[in-house]
Structure formats: C-alpha cells, structure tokens
1. Under 7 Å between Cβ atoms, at least 6 apart or on separate chains: pull out the pairs that start in region 150-171 with a residue that is under 19 Å from residue 79 (Cα atoms) and end on any residue that is of a type in the set (Ser, Thr, Tyr) and not in a strand (DSSP E or B).
2. Considering only region 480-505, how many residues are under 19 Å from the mean Cα position of the chain (by Cα), among the hydrophobic types (A, V, I, L, M, F, W, C) and within 23 Å of residue 452 (Cβ to Cβ)?
3. Specify which of the listed residues (41, 2, 66, 107) is within 30 Å of residue 232 (Cα to Cα), of a type in the set (A, V, I, L, M, F, W, C) and either modelled with pLDDT under 90 or surrounded by 17 or more Cβ atoms within 10 Å (Cβ to Cβ) (or both).
4. Test residue 35 against the stated conditions and say whether it is acidic (Asp, Glu), surrounded by fewer than 19 Cβ atoms within 10 Å (Cβ to Cβ) and under 29 Å from the mean Cα position of the chain (by Cα).
5. Which one is surrounded by the most Cβ atoms within 10 Å (Cβ to Cβ), of the residues in region 208-256 that are among the hydrophobic types (A, V, I, L, M, F, W, C) and either assigned to a strand (DSSP E or B) or touching a strand residue (DSSP E or B) at 6+ places or on another chain (Cβ under 6 Å) (or both)?
6. Within region 1-97, which strands (runs of 3 or more DSSP E) (wholly inside it) include 3 or more residues that are touching an Asp or Glu at 6+ places or on another chain (Cβ under 8 Å), closer than 30 Å to residue 424 by Cβ and not charged (D, E, K, R)?
7. Determine whether residue 265 is of a type in the set (A, V, I, L, M), without any contact (Cβ under 8 Å) to a residue 40 or more places away in the chain and more than 24 Å from residue 399 (Cβ to Cβ).
8. Restrict the check to region 47-54 and report whether at least one residue is over 24 Å from residue 181 (Cβ atoms) and buried (at least 17 other Cβ atoms within 10 Å of the Cβ).
Amino acid sequence: MFKVGVKINGNHLQSLTFAEPVQVKDVLSQEEIAEHVIILFILNTAYACPHDVISEDAKLECVSMFSSEGYATYQYTSILILCKAYHNLFPNDKMLVVEHSIGDGVFCEVIDEQFSAEDVKKLTREMQSIIDNAFPIEKINMTPQEAKDLAEKLRRDDFVKYIKHKNIDIYKCGDYYDYFIRNLAYNTSVIKHFDIVYHSPGIILRFPRKGENKLDEKFVMPKNLFATHQEHDKWLNILDVHMVSALNRAIKDFNELELIQMEEALHEKKIVDIANHISWKKDIKLVLIAGPSSSGKTTFAKRLGIHLRVNGIYPHILGMDNYFLPRAQTPRKENGELDFENIRALDLGLLNEHLNKLLDGEGIELPKYNFLTGKREPSYKILQLKDQDVLVLEGIHGLNDELTSSVPFNQKMKIYVSALNNLNIDAHNRIPTTDSRKVRRLVRDNNFRGHSAEQTLMMWDSIREGEDRNIFPFQENADFMFNSILTYELCVLKKYVKPLLKTITNYSPYYLEAQRLLRLLGHVYNIEDSLVPSNSILREFIGGSIFSY
C-alpha cells in the first residue's frame, strides 16, 4: 500500500491510497482533469508524463491553465502547435520567428516574407486539426550529436549553437520535432481556445487571458506598445543582435563594449527626445511616469530630469506615496489584506487640490506619510513652482486619468516605462518581458532589500496581479513609451542571480521555476560590471549608480 497526495495549483485536493502501481493519468478521473483543465503534472519535484508509473508514496501536483505556470505552459504549447502547423503547410519556406507578446497574444513573422489572409485561414485550420487529433507531446532526451544531427536535418541552425556537451531535451509531436526551454503540455488536445489574427507582415497568435477559459470576443491592438516593440526591433537591427547567439558572439569576439556603448547611446537619444518634446510644449507643467515593477523608472526619471534642466526646465518630484489615505480608510482585497495598490488608497481629493494650487502658482505644504503609524503628519516643507518649473509624479497610477482628473490634458505628459524585450533565445523561444523584469527584481531585492530569491518569487504573482489591474489597462494612454530593456543586461545580471536561484532547494514550491530561470540564463555569456556605465538603468539593480536613490 502507498499514498499519493494530490494538489491542484498548490492547493491540497486529496490523499489517495493504492495497493498496486498506478499511472499518473489514472490518479485523477478524466472528469476531474477536464474540470480543472489540467495541462501539466509534477511528480514530487520533476515534471511527469501521464504514463509515468507511481509505485511508492509520492506527491502529485496537477497544474491547470489558471495558475501562472500552467498559463505559460498553455502559451508555449500553443506556439508548438503553430510551429508544427506552419511546418506542415510550408515545409520548405523560411523559418517562422516568434517575436514578442502583444495584447493577449504573441506576434510572429517570417523574416523578409509576408503572410496573406489566406495563409492565416490555412494555419488556423491546420492548428485546429492538430488539436483535434490529440497528438501526444513527448520529451526526448538526446545526446549532443543526436540533437545536432536533428537540427541539421530540420535546418535549425538557430538552436544548434546552444548544444554543448550535455544531453538536451527535444519535444516530439507526431512527426514534428522542436526545442523549447519551457515545459510543454502532454497532449495537443489541452489547447481548447486560440485564434490567429492577421497583422501584416506577420500574425498574432492569441490565447485566453490568465484566469479565463475563453478568448476575448475581439482583439484590441495596443498600437503604441506595438510601435515601441517595432522600434526596439530596429535597434536590434542597428546592433545586429536578434538572437542570444549573436550577443554571445560579440562577447566572444571582445566587441561587447561597443555594443554596450551603442545601446546606452540609444537610451540617451530617446530620453533627449522626450525632454525636448516637454520643452517645446510650453503649457506642460506635470510629467507623469508609470510602469510595471523593475522597469527602471527611478533612473529614467533622474536622467530625464538632467536633460530637462539642460533645456532650462527645473523638475520637482512629488512623492505619490505621501498621499496615502490614513490606514483605517485603505481599501482591502478580497482576502482581507490592505490594498495599497488600489487607486482608492490615495487621497485623490487632496492630491488634485495640491496640483491645482501648484499649477496656479500657489505654494503648498508637502504631505508626509508615516508608514509606521499609517497617518499623515506635517512635513514643514513648502513647494511653489516658478515659470520654468515642472512637477514630476512617478507611480503605478500615473497613466490613469482618474489620478489627476482636475488637470487639463494639455498641461500633462504621460510616460510609460517598461523593459520590453525583443531578444530571442532562438526562433521559437523568446525571452518574455516578465522574465527580464523578474531577473532584475531578484537581483535588486537581494542587493538592496535583503530578500532571498524565494521571497521574491513568492511575491511575484501578487506583483503581476497588481500590474494587470492598475498599469497595463492604461498603457495606451501614454504620450511616450520608453523601453528600458538593455539587450546585454542578462549577461551582467547572470552572475548575481545564479547563486540566488541555486539556494532554492527541491523542497521549495519555487524550485522548478528557479531551475527554469537557470536554464534560460545558461544560454548567455558573462559581461563584467566594469563595462556598465555609472548612469545606466542597469545600475539601479546591480549598484554603483551615479544617482542617489
């Protein structure tokens, strides 16, 4: 007799007793698997196939698409099916490249080629056929030579560069083989909902939003965000770095300093452009800066402030945190916790009263919020704007017009800052923006807040939920978008984050996520800190910044 403890998305479901060995797929009934939309199994601390046999006491984690890991698995499994469909329909054509997230999907294109509306219809039908055929998705462990032979046969020189001296896992779906750095679902049939939107020259593969089991009825294109991604793609063309292998080659050839200087110059050019626009529009008196966690907003604001002063404009930073309501009036989340990220946690009336007085030339006493007592107290600091002064307000609600509803639109400029990554591991493995920010956050939390990697990973889902509610819905309201990503940054952050991730043992619920991030970082070479300029946004995370925080 042995027992199997069953969890779904980390929550205990039941403990079952078996007298004989049992396959993973038979622990839960098919009805239970369908009800919870299970797409991934974890047996003890390793990913499991449905046909794996359990013969002793074990823990079985069933991951549904409603969890963070399950949702990512759903996305990458959908990408596998798209790649297989493209291969079936256009076997001798150029390679399909998965570029970046956009809206509720990912943008894909074939370099120097253009999809047609008819191609999109064919791809949609072929994907649905693959799903309906319920092909098993198998992970095959290959020797380096076997993997290289396969890559040559498939004409996939984009991932062969990462095949070293260790065995490598390759996924097989029917007669199609591909390499993915993230675990995939066990069967194509788990993908119930998808759509392909034609957006010349490429396509957008859509998924249900996290927590949903259906697609939004209509796809809404975030035009400003897409344009920012395309701008970064042009930067990568200038740098001649689209894949990690090209970045590694630059490091190997000792060309990384030139790459760093060019990329930092591109950042500086964009900041100068934004500062000039603020200077040209004489009626702008309020600059609002917002963006998700670990986007480098603080360094961006300081660098922007320098260029505003060069243009004869003096910026004054207004701390949004000082406008919190007394703690007794702070709204709460559904679980009863205080919701400081809710816009209703701010005293919007007082904030707008102060903004109106400042913009009318009057002076105000700046508020000061005591986080220990949960109350405001006198600061005895007076602020009054001169003719050439502007207010700078940085915070998560900066793009939400409700925050500054009393200020006329022509007197404010809204800037969205985020680390939007377009660098790929290979044609089918992008580096998600959320992973870039997560790595930044892991390093900063440890360097400046004393947090372990496990503590940061534990908070990440809550951070993302707050961003989904308070930032991303308003990003298209921005007048400017600044992409703070640095193509070379993972090469610098790697030396900091690897030791942190290695402290997470297989007893932790974040062990597999730590291992995934380690695999991702294993693709990039190291770059020394000494090559990073002292005013770089990256210094906000690794230390040594010329700015004080």
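The values are calculated or read from the model by the stated rules, or taken from the named source; none is laboratory data. All figures in this text were calculated on a predicted structure; none of them were measured in a lab. Neighbour counts are summed over all protein chains in view; Cβ atoms, including those assigned to glycine, are modelled from backbone coordinates with ideal geometry.
1. Sorted first by the residue in region 150-171, then by its partner, the pairs are 159/179; 170/179.
2. The qualifying residues number 5.
3. Values: 41 fails: within 30 Å of residue 232 (Cα to Cα); 2 fails: within 30 Å of residue 232 (Cα to Cα); 66 fails: within 30 Å of residue 232 (Cα to Cα).
Only one candidate qualifies: 107.
4. Spelling it out, residue 35 is indeed acidic (Asp, Glu), surrounded by fewer than 19 Cβ atoms within 10 Å (Cβ to Cβ) and under 29 Å from the mean Cα position of the chain (by Cα).
5. Initial filter on region 208-256 (among the hydrophobic types (A, V, I, L, M, F, W, C)): 215, 219-221, 225-227, 235-236, 238-239, 241, 243-244, 246-247, 250-251, 254.
Adding the requirement that they be either assigned to a strand (DSSP E or B) or touching a strand residue (DSSP E or B) at 6+ places or on another chain (Cβ under 6 Å) (or both) leaves 215, 219, 226, 243-244.
Numbers: 215: 17, 219: 15, 226: 16, 243: 21, 244: 24.
Per the stated criteria, the residue is 244.
6. Details: elements: 2-8, 11-18, 38-43, 46-48, 58-64.
The qualifying strands (runs of 3 or more DSSP E) are 38-43.
7. Numbers: of a type in the set (A, V, I, L, M): yes; without any contact (Cβ under 8 Å) to a residue 40 or more places away in the chain: yes; more than 24 Å from residue 399 (Cβ to Cβ): yes.
Answer is yes for this residue.
8. Of region 47-54, the ones over 24 Å from residue 181 (Cβ atoms) are 53-54.
Narrowing the set further to residues that are buried (at least 17 other Cβ atoms within 10 Å of the Cβ) leaves 54.
Yes, the conditions are met somewhere in region 47-54.
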